[in-house]
Amino acid sequence: MMAKPFRTGPGTTLLLLLLLLLAVSEYAAAQQAQTPRQRPQQQQQQQQQWLEQRERQLEQLLQQLEQRERQIEQQLRQLELQLQQQRAQPAPAPPPQAPVVVEPQPRSADQIQAEQREREERGALNTRLLLLAAVLVAVGVLQLVAFGLQAFYLFLAMRAIQRSTRLAERNLAAAQRAFVFVRSIAAVVMGDHLKVFITWENNGVTPARSLRISTNWKAWHGELPPDFPYAYARAPDQVFLGPQARAEVGSLLIPMRDVQAAADGRVQLYCWGRATYADVFEGTEPHFLEFCYRLDVTSTAPGAVSVSFTQYGPYNRADGDGVRPVMAA
């Protein structure tokens with residue numbers, strides 16, 4: 001069998017790469033040891049000459065390697081011829097050979113110093129790289145902290161803006177919304193009844209929507225109890241009340257016999273009412289107003305009475321007062 005030819009191309013390439021990497025690492029270490037602003041012009045020229053010398057040495061090494069490859073190829077061809085001749089003749093027994101002791105060649109002081117210098121330069125380069133990595137990590141941490149602080153302050157600013165916006169909207173709604181209240185209440189004797197007129201007014205600058213008004217009265221012996229229900233006998237009146245408008249709604253008719261009994265002090269007359277409505281602003285709760293008056297009746301002449309109205313009890317309240325009561329339809 002023919003021996004396969006020995007290929008030296010990859011080994012040569014690897015050796016060249018190692019030499020190039022060594023030269024680049026030495027050059028990088030020399031470049032990092034001095035900044036461009038601190039390096040004098042003479043050192044730059046020396047480094048340029050050193051690089052050119054290295055290139056010439058590399059070229060010489062390449063030529064030597066090529067010459068060595070040619071010698072190895074010639075030796076391989078000779079070995080192949082010898083192998084062919086040996087296969088044609090019986091191989092004699094090889095004579096005993098004495099063991100060959102290969103002693104390591106001592107390195108010179110220059111080589112030792114060069115290796116030590118190279119190790120020191122690589123160690124210094126690794127130290128600089130580690131310091132640079134630590135600085136980059138610290139910068140990243142500081143940027144993360146700064147981003148977190150900015151996000152936190154932005155969140156606080158957004159909350160303050162939202163609170164200001166809600167406060168402004170609430171103040172605008174409070175200033176512009178409809179506000180319905182009892183403008184006046186009066187009584188007039190009409191035949192066998194005393195008619196109580198209740199005048200309502202919207203003091204706001206926007207209309208009251210879905211306004212419903214309910215009224216009622218009661219003759220009671222003495223004071224009303226604390227748990228009096230303040231019920232309503234009829235369905236509420238639906239009214240539209242524009243801004244700064246008034247309307248007479250929910251008038252009451254009280255028989256004169258009850259009025260005369262009140263004048264004689266046998267009973268006490270009470271009237272009450274409720275108004276529920278909404279404003280034009282979205283998202284606001286419905287509003288309400290409740291009132292209760294006691295009718296103080298005095299007899300001025302036979303068949304003639306005088307009536308005055310006095311607010312009575314806890315039923316006089318609105319949606320801005322404490323606990324919101326259950327609002328019936």
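All of the numbers you see were taken from the coordinates with simple rules; none came from a lab. This one's a predicted model, so the numbers in the text were calculated from it and none came from an experiment. We place every Cβ from the backbone using ideal geometry, glycine too, and count neighbours over all the protein chains shown.
Here are the numbers:
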item: Modelled FRET efficiency - R0 45 Å, PHE197 with ALA168, Cβ distances, 0.05 increments; result: 0.65
item: Cleavage-rule hits, GluC sites (Glu not before Pro), region 130-231, DSSP coil, Cβ neighbours within 10 Å at most 12; result: GLU223
item: Extension reserve of the ARG209-THR298 stretch, reckoned as 0.36 nm per residue once the Cα distance is removed; result: 28.1 nm
item: Spin-label model distance (nm) - LEU21 vs ARG87, 7 Å beyond Cα toward Cβ; result: 4.0
item: Long-range tail of P(r) for region 121-169 (Cα pairs > 18 Å, %); result: 60
item: Interchain or long-range residues, amide H under 5 Å from ARG183's placed H; result: THR199, TRP200, GLU201
item: Where labels lie 7 Å past Cα in the beta-carbon direction, separation of GLU80 and LYS218 in nm; result: 12.8
item: Contact order normalised by residue count of region 178-318, Cα under 8 Å, 6+ apart, percent; result: 25
item: FRET E, pair ASP319, GLN150, Förster distance 35 Å, beta-carbon r, rounded to 0.05; result: 0.25
item: Highest to lowest packing among 72-85, 250-263, scored as the average C-beta count within 10 Å; result: 250-263, 72-85
item: Spacing of the two label points (7 Å from each Cα toward its C-beta) at SER306 and ALA157, in nm; result: 7.0
item: From phi via Karplus (6.51, -1.76, 1.60), per-residue ³J(HN,Hα) for region 128-139 in Hz, x at Gly/Pro; result: 5, 5, 5, 4, 5, 5, 5, 5, 5, 5, 4, 5
